[in-house]
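The values are calculated or read from the model by the stated rules, or taken from the named source; none is laboratory data. What you are looking at is a predicted structure, and each value in this text was computed from that prediction instead of being measured. Virtual Cβ from ideal backbone geometry, glycine too; neighbours counted across all protein chains shown.
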Amino acid sequence: MPVPYELHDVVRMKKPHACGENLWEIIRLGMDIRIKCKKCGHSVLIPRARFDRLIRKVIIPRQGAAADES
């Protein structure tokens, strides 16, 4: 079952970045997904299929998600 995610969510990935952090913010969605490391700010472009395999869970949903639903 795929993990639901949206733009500006903070997600935990399976493998940590070289700086040691495994929390990333989603900054672009499309066929490819761009994520930014929360510790050092480095961004990486990953194909969506690979991202779906590497994501563990959504840690912090984007701000205002509850307001958009009502």
Could you check, for the range 10-25, whether at least one of its residues is assigned to a loop (DSSP other than H, G, I, E, B), among the hydrophobic types (A, V, I, L, M, F, W, C) and either under 11 Å from the mean Cα position of the chain (by Cα) or at pLDDT below 90 (or both)?
-> no
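Any residue at all in the range 46-64 that is assigned to a strand (DSSP E or B), within 11 Å of the chain's Cα centre (by Cα) and at pLDDT 95 or above? Working first, answer last.
The first filter runs over the range 46-64 and keeps only residues assigned to a strand (DSSP E or B), leaving 46-47, 55-60.
Then keep just the ones that are within 11 Å of the chain's Cα centre (by Cα); that gives 46, 55-60.
Subsequent filtering for residues that are at pLDDT 95 or above retains 46.
Scanning the range 46-64, I find at least one residue that is assigned to a strand (DSSP E or B), within 11 Å of the chain's Cα centre (by Cα) and at pLDDT 95 or above, so the answer is yes.
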Ile35, sole failed condition from (1) in a strand (DSSP E or B); (2) more than 19 Å from Arg62 (Cα to Cα) = (2)
Please list, ordered by first then second residue, the pairs with beta carbon atoms under 9 Å, 6 or more apart or interchain, first in the range 43-58 and of a type in the set (Val, Ile, Thr), second loosely packed, with under 11 Cβ neighbours inside 10 Å.
-> Ile55/Pro2; Ile55/Lys14; Val58/Pro4
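Name the single residue, out of those in the range 4-26 being among the hydrophobic types (A, V, I, L, M, F, W, C) and surrounded by 13 or more Cβ atoms within 10 Å (Cβ to Cβ), that is farthest from Gln63 (Cα to Cα). Steps first, answer last, please.
Of the range 4-26, the ones among the hydrophobic types (A, V, I, L, M, F, W, C) are 7, 10-11, 13, 18-19, 23-24, 26.
Filter once more, keeping what is surrounded by 13 or more Cβ atoms within 10 Å (Cβ to Cβ): 10-11, 13, 23-24, 26.
Numbers: Val10: 10, Val11: 14, Met13: 20, Leu23: 16, Trp24: 15, Ile26: 13 Å.
Applying the filter and picking the extreme gives Met13.
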